[in-house]
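All remarks here apply to the structure that follows.
What follows is calculated from the coordinates using simple rules that are stated; it is not laboratory data. On a predicted model such as this, the values are computed, not experimentally measured, just so you know. Using ideal geometry, Cβ is built from the backbone for each residue, glycine included, and neighbour counts are taken over all protein chains shown.
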Amino acid sequence: MVIRKSTVNNTRKKMPVEERAKQFMPFSALKGLDEALREQEIIAEENVKTETVKEDDICQTEDN
């Protein structure tokens, strides 16, 4: 059986809870990914709107 002494350093002050919590905050592993995805989403939405307008024009032309 191995008995070890405690390795706790009693000379160091405890870290405040707020500072400790920062260590576990979520982070973005890929910087800029969220912005790039949002830009692509905006472009896709604009394309859908454009296609809808074109389809409406085609339907109106066929009706006449």
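General remarks:
- Rounded to the nearest Hz, the phi-derived 3J(HN,Hα) couplings of the range 11-23 under the Karplus curve 6.51 cos²θ - 1.76 cosθ + 1.60 (θ = phi - 60°) are 8, 8, 6, 6, 6, x, 4, 4, 5, 5, 5, 4, 5, where x marks glycine and proline.
- Within the shell defined by Cβ-Cβ distances under 13 Å, the residues around residue 25 carry a net charge of 0, with Lys and Arg each +1 and Asp and Glu each -1.
- Equivalent ellipsoid semi-axes - Cα gyration tensor, the range 13-62, angstrom: 51, 9, 5
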